[in-house]
1. Work out from phi, with θ = phi - 60° and the Karplus expression 6.51 cos²θ - 1.76 cosθ + 1.60, the ³J(HN,Hα) of each residue of the stretch 117-125, listed in order in whole Hz, and give x for Gly and Pro.
2. For the stretch 1-101, with the dipole built from +1 on Lys and Arg beta-carbon atoms and -1 on Asp and Glu ones, taken about the Cα centre, which of Ile75, Ile40, Ile30 lies farthest toward the positive end?
3. Report Rg(Cα)/(2.2 N^0.38 Å) for the stretch 10-107, keeping two decimals.
4. Per residue, how many Å² of accessible area does the stretch 49-140 show with a 1.4 Å probe?
5. Note down the net charge around Val76, summing +1 for each Lys or Arg and -1 for each Asp or Glu among other residues with Cβ under 12 Å from its Cβ.
Amino acid sequence: MNLNVTMIAQAVTFLVFIWFCKVLIWPHLIRAIEARQKQIADGLAAAEEGKQSLERSAKQADQAIARSRDRANEIVAQADMRASQMIEEAKSAAKSEGERLIAGAKAEIDQEVSRAKEILRTQVAALAVAGAEQILKREVDPKAHADMLAALQRQL
């Protein structure tokens, strides 16, 4: 009988231990487990949200890079266009300056030709007078025959 009482006493003690654990220890363990599960679930949700945020940020960065690249291409195109325009303006200015210099040179040449013709006329008139003196064997007075010499000079 000793064996039975011991067994029953152990069974009763075990049942009291189970009841004690269920009432006092089990709720604390369940709360700790649930808190840990909630913490793990929150961590996983935060990680998933961070991953999605990273993907959104990567897409936004790609879009910003694409916009920047497009803007840079526009700026380069505008710079090329402006450079072409400046080259054309410089060509036009150089051409007009060249034409102006050519016109000035032509005018100067015309003046030199006119002066040379005038000098030549004067010299030819002097030679004609000298030749006429030789032919007539007398001196021709330039003051007296000014009209005749002017007409001769115009004809030459």
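1. Karplus-based 3J(HN,Hα) across the stretch 117-125 equals 5, 5, 4, 5, 4, 4, 5, 5, 4 Hz.
2. Value: Ile30.
3. Details: Rg = 41.0 Å, N = 98, 2.2 N^0.38 = 12.6 Å.
It is 3.26.
4. Details: 7850 Å² over 92 residues.
With the other protein chains kept in place, the stretch 49-140 gives 85 Å² per residue.
5. Details: positive: Arg69, Arg71, Arg82; negative: Asp70, Glu74, Asp80.
Every neighbour counted, the sum reads 0.
The values are calculated or read from the model by the stated rules, or taken from the named source; none is laboratory data. This structure is a prediction, so every number in the text was calculated from the model and none was measured. All Cβ positions, glycine included, derive from the backbone under ideal geometry; neighbour counts span all protein chains shown. All accessible areas refer to the heavy atoms of the entire protein, side chains included, with ligands and DNA or RNA removed. Shrake-Rupley method; radii C 1.70, N 1.55, O 1.52, S 1.80 Å.
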